[in-house]
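See below for the structure under consideration.
Since every read-out is calculated from the coordinates, none of them should be taken as a lab result. These numbers come from a predicted model, not from an experiment. Here the Cβ positions follow ideal geometry from the backbone for every residue, glycine too, while neighbour counts run over all protein chains shown.
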Amino acid sequence: MIAKQESAIWAAKYFATSGKGEYEMSRIGKTPISIPTSVEVAIDGANVEVKGPKGSLNQVLPEGISITHENESLVVHRENDERQSKALHGLTRSLINNMVIGVTEGYSKQLELVGVGYRAALKGKILNLQLGFSHDINFDIPEGIKIAVEKQTTIKISGVDKQQVGMVVS
């Protein structure tokens, strides 16, 4: 019984509540996504395509989620207030917003190799890494990713897709 009371106190402290005292999910999904003038958005049923100066990205909307183009912004809607729908509502809004940012500004990460004898070099579409093993590691650069070796120990990875940049970095 004490554990339930402690968890209720913790939840009341850290989660947004309505006037009824019910716990709600975040309100990320309700925020409209502003679209810059250089970006074109095409909505075709459950498929959303965002085109901008740096490229284009596609996203398939989950079931129960819809999107509308109002003025210079996109608004994500959900069919019902079930827990799964609320979670997908915020997720979809974040993914579409990341697409808009990606095609306008792009995403980049910088890695630094720290270690004696650690080096990186570009050889065409292959990143060659010398990381202290008995052999070199050759990494094929995926489509849509740009890698620049600024110094032998500094690698800059950039692209329009935030998820793809993160996967390559990891």
Worksheet item: What order do you get for 160-169, 67-76 when each peptide is scored by the mean count of other beta carbon atoms within 10 Å, highest first?
Response: 160-169, 67-76
Fill in: Packing-based ranking, highest mean first, of 122-134, 31-43 given that Cβ atoms within 10 Å are counted
31-43, 122-134
Practice prompt. Pairs to check: Lys54/Lys162; Lys51/Lys162; Lys54/Lys151; Lys51/Lys109; Lys125/Lys146; Lys123/Lys151. Give those whose C-alpha atoms are more than 18 Å from each other in this structure.
Written response: Lys54/Lys151; Lys51/Lys109
Practice prompt. Please give, to one decimal in nm, the separation of the simple spin-label points placed at Glu72 and Lys156, each 7 Å out from Cα toward the Cβ.
Written response: 3.0
Worksheet item: When the dipole is taken about the Cα centre of segment 50-162, and only Lys, Arg (+1) and Asp, Glu (-1) are charged at their Cβ, what size is it in debye, to the nearest 20?
Response: 440
Discussion item. Could you compute Rg(Cα) / (2.2 N^0.38 Å) for segment 71-170, with N its residue count?
Written reply: 1.47
Response to the item:
Quick calc: nm separation of the 7 Å Cα→Cβ label points for Lys54 and Ser34 -> 1.8
Practice prompt. With a 10 Å radius around each residue's Cβ, average the other Cβ atoms per peptide and rank 57-66, 93-102, 107-116, highest first.
Written response: 93-102, 57-66, 107-116
